[in-house]
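J.: Okay, handing you the structure first.
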Amino acid sequence: MEKVMLEQQTIQEFLSALSSKAPVPGGGGASAIAGAIGNGLGQMVGNLTIGKKKYAQVEEEILQLLNKMEALQKELVSLANQDAEVFAPLAAAYGLPTRTEEEKVYKTKIMEENLLAASQVPIQIMEKSIEMLSAFAILAEKGSRMAVSDVGVGVQLIRSALLSAVMNVYINTKSMKNREKAQELNQYADELVANGTKQADQIYDTVLKALK
């Protein structure tokens, strides 16, 4: 059966797959799509800003921002697909036999490789989320005032993507035998969460002040 990429699915098809017993899409894919939706709101604000006399001085900056955000959105959708792709070999690795010492060694090796791969995708989702927040900080300050609330909504979706993706880091590093590598990944993920949530909350507060 031919695999259907997420970008080829309707919203209902994606939700139906997400709601089913199928292991993918799961939390990783959902977090990436949440970030992509938040990104879309940011692009909307950018598009409502350009072409207006009131924002002529920032138009070039916003146009550059839109190009960056469009690329980030495509990367997030790609990461949603990758999250599903790395799960299959990991699930298969859990079922490897351990009857002999050689089989145990082989299973440990394959498990470590696949757990690492499965950890890398959500970390990339987190990194892309933080890149998007930098764009939203500019939109909160210079984007169309008529759509400033959408900046706030987008920021909260990206913040959710960040905090959701980190769960998929932790669940994979928890099973890793190489505890040094697991701790390294966890520490990096913790730093991304701390920096990202701080930035997201600052942008959100800026939006709230503009709205009230």
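The values are calculated or read from the model by the stated rules, or taken from the named source; none is laboratory data. Predicted model only: the values in this text are computed from it and were never measured. Cβ coordinates were reconstructed from backbone atoms using ideal geometry, including for glycine residues, and neighbour counts include every protein chain displayed. For accessibility, only protein heavy atoms count, side chains too; no ligands or nucleic acids. Shrake-Rupley method; radii C 1.70, N 1.55, O 1.52, S 1.80 Å.
J.: Among the aspartates and glutamates, select those whose C-alpha is under 13 Å from the C-alpha of residue 212, and discard any that sit fewer than 8 residues away in the same chain.
T.: none
J.: Also, quick follow-up: Estimate the FRET efficiency between residue 20 and residue 85 by the formula 1/(1 + (r/R0)^6), using the beta-carbon distance for r and 25 Å for R0, to the nearest 0.05.
T.: Computed FRET efficiency for residue 20 and residue 85 comes out at 0.90.
J.: If you take the beta carbon distance between residue 167 and residue 188 as r and set R0 to 22 Å, what does 1/(1 + (r/R0)^6) give as a FRET efficiency, to the nearest 0.05?
T.: 0.90
J.: List the DSSP H helices in the chain whose Cα atoms stretch 24 Å or more along the helix axis and whose mean Kyte-Doolittle hydropathy is at least 0.5.
T.: Correct list, ordered by number: 27-49, 148-173.
J.: Tell me the mean residue ellipticity at 222 nm calculated for the chain from its helices only (DSSP H runs of n ≥ 4, each -39500 (n - 2.57), averaged over every residue, nearest 500).
T.: Using -39500 (n - 2.57) per qualifying helix, the result is -28500 deg cm²/dmol.
J.: Now for a different question. Give me the percent of the accessible area of the range 49-91 that comes from carbon and sulfur atoms, probe 1.4 Å, all protein chains in place.
T.: Solvent-exposed carbon and sulfur of the range 49-91 make up 54 percent of the total.
J.: What is the distance, in nm, between label points placed 7 Å from the Cα along the Cα-to-Cβ direction at residue 67 and at residue 211?
T.: 3.2
J.: So, for the chain, what is the accessible surface per residue at a probe of 1.4 Å, expressed in square angstrom?
T.: That works out to 55 Å² for each residue.
J.: Using alpha-carbon positions, what is the distance between the centroids of the range 1-69 and the range 116-152, in Å?
T.: First find each Cα centre; the distance between them is then 11 Å.
J.: Under 8 Å for C-alpha pairs, at least 6 residues apart: give me the relative contact order for the range 1-151, rounded to a whole percent.
T.: Reported as a whole number, the value is 32 percent.
J.: Follow-up question, since we're still on this one. Mean separation of Cα pairs under 8 Å and 6+ residues apart, divided by the residue count of the range 83-205: what relative contact order is that in percent?
T.: Relative CO of the range 83-205 lands at 30 percent.
J.: Shifting gears a bit: What length, rounded to one decimal in nm, is gained on full extension from residue 59 through to residue 198, with 0.36 nm per residue of separation minus their alpha-carbon distance?
T.: Contour length minus Cα-Cα distance gives 47.3 nm.
J.: Percent of accessible area on the range 113-212 owned by carbon and sulfur, 1.4 Å probe?
T.: C and S atoms contribute 52 percent here.
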